[in-house]
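Remarks on the structure that follows.
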Amino acid sequence: MAETAQLIIDGNTYEVPIITGSEGEKALDISKLRAQTGHITLDIGYKNTGSTQSAITFLDGEKGILRYRGYPIEQLAEQSEFLEVAYLLIYGALPAKKEYEEFKNAVTIHTLVHEDTQKIFDGFPSNSHPMGVLSSLVSSLTAFYPRSIDPGRTPQEVNRTIVRLLAKIPTIAAWAYKGEMGHPVNYPNNELDYCSNFLHMLFSLPTEKYEVDPVVADALNKLLILHADHEQNCSTSTVRIVGSSHTSLYTAVAAGINALWGPLHGGANQAVIEMLEAIRNDGGDIQKYVKKAQDKDDPFRLMGFGHRVYKNFDPRAKIIKKAADDVLAKLGVDDPCLDIAKELEEIALRDQYFVDRNLYPNVDFYSGIIYRAMGIPTEMFTVMFALGRLPGWIAQWKEMRENQEPIGRPRQVYIGETERDYVSIDKR
Ligand code: CMC
């Protein structure tokens, strides 16, 4: 017999079905609650609300577990390639050798963007934030590929849209950076792998050939894998909810990019470096900032600390801390901000305020440090996150469409004025 919970409202008992996930997670299915009882549930920030049943990513915040399609993040980060993980997330299984070669070829042959895209880039002021440029350009893909506007076409067409997105985002992202720098853009080099090609498009100059350092390419591969999906976070929920109106994949992903931009989400890696620079410019008094973060009257928070779901440790942070050490050692980087980061981490991990609230460095504390060491400018950090998160957004959009989920439309509890009569302006 199906498991149920009992809910008693005004003396009436209602049976609420219990759903059990494949990892034993329990949920009360309240989808019929309003029809049966006239009540809704209220959960601001959706801290305790499941919006879907998903087979993509499993995350246990208490135990620090993260798995894509059942595979532990530690194994994927250590042993796989980003495009392989993208395939896994999007299509549900690790690709066989031939499938993987075909997929990589498909992504590689679509790396060029339409030359008319240059005109759009030219329209942006040179100091535009690359996240704004990225989301606009991703939206503009609907203009270049109008058939993508109807996402309910054949699976082949949906796949072409998916492949184009994976292939073109690195080119758009690198060009957004070049525009900001006032440098000529680099065309993709299809002889390079996904990560190396992106580094080439970012760093090659007409005056200087950029040699891809394998340690740097490997760290980038890891970073992208670690960011590839994270179940129903702010940007992913945005992609699903925007996509649920049957808008195109490009526009749903553009919405996800905008959601990611905020400093409480993907913008945190940029905010980390800005915070470290502010501490350095203010004389390097770390304790002062630790105290500021604890002051309830001060809005300042330690960026890169804390997480909505990981309450013991962020498994991604553990992996990336090691990669950060490797990159810093290999590149021999000497940077006062990185010294401040190390000291801040030590102090905060011992401080009672942070210990009591289970506040640990999250993945973005270290990712910002690696990007900085690689020479990637601060405003590009969230773009790097978007590049990594792309397969997750695509996989979640695809799952939402295949499951034929209804349009997302939460309810609310209205707390405004009750009905009152309009008063003409001269009588107010
Ligand atoms: N610095 C100081 N205090 C903090 C911090 C912080 N970074 N994070 C949480 N707290 C305190 C908060 O003031 C509250 O204290 P109290 O219980 O005394 O009121 C307590 O810890 C719980 O905080 P919360 O705001 O209820 O936690 P949340 O789950 O709503 O927020 C968070 C999670 C990530 C938004 C938050 O920890 C934060 O703002 N961190 C800094 C920004 C950051 O690094 N974001 C990147 C997240 S990882 C990337 C991603 O996956 O998107």
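Observations, loosely collected:
- Low-density loop positions, trypsin sites (Lys or Arg not before Pro), the stretch 110-219 - DSSP coil, at most 14 other Cβ in 10 Å: R153, K209
- Within straight-line cross-link reach of K98, aspartates and glutamates at Cα separation under 14 Å, skipping those fewer than 8 residues along the same chain: E84
- Qualifying trypsin sites (Lys or Arg not before Pro) for the stretch 1-48 [loop in DSSP, other Cβ within 10 Å: at most 15]: K32, K47
- Segment I9-Y71, extension gain: residue separation times 0.36 nm, minus the distance between their alpha carbons: 18.1 nm
- Residues of type lysines that K322 reaches as a straight line, Cα spacing below 18 Å, ignoring anything fewer than 8 places off in the same chain: K222, K330, K342
- Applying both filters, DSSP loop and at most 12 other Cβ atoms within 10 Å, to the GluC sites (Glu not before Pro) of the stretch 61-105 gives E62.
- Relative contact order, percent, the chain [alpha-carbon distance under 8 Å, six or more residues apart]: 20
- Peptides 228-234, 334-340, 365-371, 11-17 ranked from most to least packed by the mean count of surrounding Cβ atoms within 10 Å: 365-371, 228-234, 334-340, 11-17.
- Under 17 Å from K63, Cα to Cα: lysines that are on another chain or at least 8 residues apart: K26, K311, K318
We did not get these values from a lab; they are worked out from the coordinates using the rules stated. The structure displayed is predicted, hence computed values, not measured ones. Glycine gets a Cβ as well: all are built from the backbone with ideal geometry, and neighbour counts include every protein chain shown.
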